[in-house]
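Read the structure below first, then the notes.
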Ligand SMILES: Cc1cc2nc3c(=O)[nH]c(=O)nc-3n(C[C@H](O)[C@H](O)[C@H](O)COP(=O)(O)O)c2cc1C
C-alpha cells in the first residue's frame, strides 16, 4: 500500500473553492479504485493523505496535481505501508466554518493509527489554524 501526503493552497477564482464538490467527486472516484485517506481544508490550504495500490494512487495524484483549484502543491511524504493508516472511509473532511469543532481533537482521532511523523504533520496543520 502506498501512502502520499501533500499540502497545497486553494486558488479562488470568480467563486471561492467549493470543498463540497471536491469532496463528492473524491468520494465517488476513490471508492471505485479503493483509495482511502483524509482531506483537510482550513479555508486556505489543503492537507491530504491518499492510500491505496501504487497504480491507483499515482493515477489519482496526477489528476489532483493538474487541478487548477489549487497551486503550490508540495509532496510531504511518499511511503510504502503495510496496512492503511487512515482506516476504510473514502475521505474525511472538516468544514473550516464549522463552529464548536475542536480541530486538534478531531485530528488526533483521524490520525490515531498513523505513523508519528504523519500524525505530527496533521496536528501542526490544525494548530496553526487555531492560533490564527
Ligand atoms: C485539494 C483537492 C483534493 C482532491 N482529491 C481528490 C481525490 O482524493 N480523489 C479524486 O478522485 N479527485 C480528487 N480531487 C479532484 C480531482 O482533481 C478531479 O477534479 C476529479 O478527480 C475529477 O473527477 P471527475 O471527472 O469524476 O469529476 C481533488 C481536488 C483537489 C483540489
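Restricting to segment 40-60, count the residues that are more than 12 Å from residue 91 (Cα to Cα) and at pLDDT 95 or above.
Of the residues in segment 40-60, 9 are more than 12 Å from residue 91 (Cα to Cα) and at pLDDT 95 or above.
Which number in (1) without any contact (Cβ under 8 Å) to a residue 12 or more places away in the chain; (2) crowded, with 18+ Cβ neighbours inside 10 Å marks the one condition that residue 63 misses?
Of everything listed in (1) without any contact (Cβ under 8 Å) to a residue 12 or more places away in the chain; (2) crowded, with 18+ Cβ neighbours inside 10 Å, residue 63 misses just condition (2).
The values are calculated or read from the model by the stated rules, or taken from the named source; none is laboratory data. Quick caveat: nothing in here was measured; it's all calculated off a predicted structure. Neighbour counts are summed over all protein chains in view; Cβ atoms, including those assigned to glycine, are modelled from backbone coordinates with ideal geometry.
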